[in-house]
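Shown next, in structure tokens, is the structure this report addresses.
The values are calculated or read from the model by the stated rules, or taken from the named source; none is laboratory data. As the structure is a prediction and not an experimental result, all values here were calculated from the model. In this analysis, Cβ positions are derived from the backbone assuming ideal geometry, glycine residues included, and neighbour counts consider all displayed protein chains. Calculation scope for accessible area: heavy atoms of the full protein, side chains included, ligands and nucleic acids excluded. Shrake-Rupley method; radii C 1.70, N 1.55, O 1.52, S 1.80 Å.
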Amino acid sequence: MLYKRNPQLNKNGELIHLLSTEGLPKATLTHILDTAANFVSVSDREVKKVPLLRGKSVFNLFFENSTRTRTTFDIAATRLSADVITLDIARSSATKGESLLDTIANLSAMAADIFVVRHSESGAPYLIAQHVAPHVHVINAGDGRHAHPTQGLLDMYTIRHYKKDFTNLTVAIVGDVLHSRVARSDIHALTTLGCPEVRVVGPKTLVPGDLAQMGVRVCNTLEEGIKGADVIIMLRLQNERMTGALLPSSQEFFKSFGLTPEKLKLAKPDAIVMHPGPINRGVEIDSAVVDGTQSVILPQVTFGIAVRMAVMSIVAGNEA
């Protein structure tokens, strides 16, 4: 049965946890994007609140540092009228040796309804989802190298906003794909939504060998990767996750794979440039591109609030 195959869905095929874009049906992804579209206008209101999560408690558990993701989840939950509790992990019992599941059990006893979890270990949100009560929902805000589904969804929302349809697009994902949970979430979502050509672009040391099995085209030069592209998603070099000499230097990386105005001309004239942040100017992308007319990096952040509002409102409306 469907709910046994995918822990994110209940027996009716409704979303109860968001752990990954992998395995989610196209209808579910589209439902999230459509719901987010209804929330975008909330930001323009004088009173930026709707009562959908009034009386619910959202616990933000960020075991890894974050600025955009944590802040936009805070804003999203507040705009849904939820009570928002952001745990200070550095001062929590987790630093005293308390296990992850014991931490969750104690917070559940405080009447938590939604856990938003970022963790350095891949699979941590799945573990939590297996041990919470049926009325409690888990949203993955990034786990290890595995997945970052709300970033993937806000990327899809951004692409749909500017390009309207996925079925005729060429999308290039450029940079440190090896360490990127965003890249995996984007690839799963793009292929499910019908994007005919997804290209992964980077040096061989930063591109996993199994990507061809995911239905993408691997390109080892930037020129090949972005030629004729409609969408370019640049990724940050994640030096904190690198072990060993995967790159000669950041300067060499920029020379070969950095997106400059000159190289951007290889893409379609109306191509959009995206980046999940934080941006390393002059390493993966030139400042002139970041601040240029084809950049939609700041709108991505704005759309992220609406997408996270959509996810929380949808899961909170469904029971296991």
| message | Just to be sure before I move on: is G194 within 21 Å of the chain's Cα centre (by Cα) and open to solvent by 40 Å² or more (accessible area, probe 1.4 Å) in the structure I sent? | response | no
| field | Scope the stretch 267-320; condition surrounded by fewer than 19 Cβ atoms within 10 Å (Cβ to Cβ), part of a helix (DSSP H, G or I), touching a helix residue (DSSP H, G or I) at 6+ places or on another chain (Cβ under 8 Å) and not hydrophobic (A, V, I, L, M, F, W, C); matching residues | value | P299, T302
| field | Qualifying positions in the stretch 170-179 - touching a strand residue (DSSP E or B) at 6+ places or on another chain (Cβ under 8 Å) and either open to solvent by 10 Å² or more (accessible area, probe 1.4 Å) or not aliphatic (A, V, I, L, M) (or both) | value | T170, G175
| query | How many of the residues in the stretch 180-191 are hydroxyl-bearing (S, T, Y) and open to solvent by less than 10 Å² (accessible area, probe 1.4 Å)? | reply | 2
| said: I'd like to check which helices (runs of 4 or more DSSP H) are fully inside the stretch 68-160 and have at least 1 residues that are among the polar types (S, T, N, Q) and surrounded by 22 or more Cβ atoms within 10 Å (Cβ to Cβ). | reply: 68-79
| remark: Within the stretch 243-258, of all residues that are surrounded by 21 or more Cβ atoms within 10 Å (Cβ to Cβ) and either modelled with pLDDT under 90 or not in a helix (DSSP H, G or I) (or both), the one farthest from the chain's Cα centre (by Cα) is F253
| said: Looking for something buried (at least 23 other Cβ atoms within 10 Å of the Cβ), in contact with a helix residue (DSSP H, G or I) (Cβ under 9 Å, 6 or more places away or on another chain) and within 30 Å of D83 (Cα to Cα) - is there at least one such residue anywhere in the stretch 230-242? | reply: no
| Does the stretch 71-93 include one or more residues that are of a type in the set (F, W, Y), more than 19 Å from V182 (Cα to Cα) and touching a helix residue (DSSP H, G or I) at 6+ places or on another chain (Cβ under 9 Å)? | no
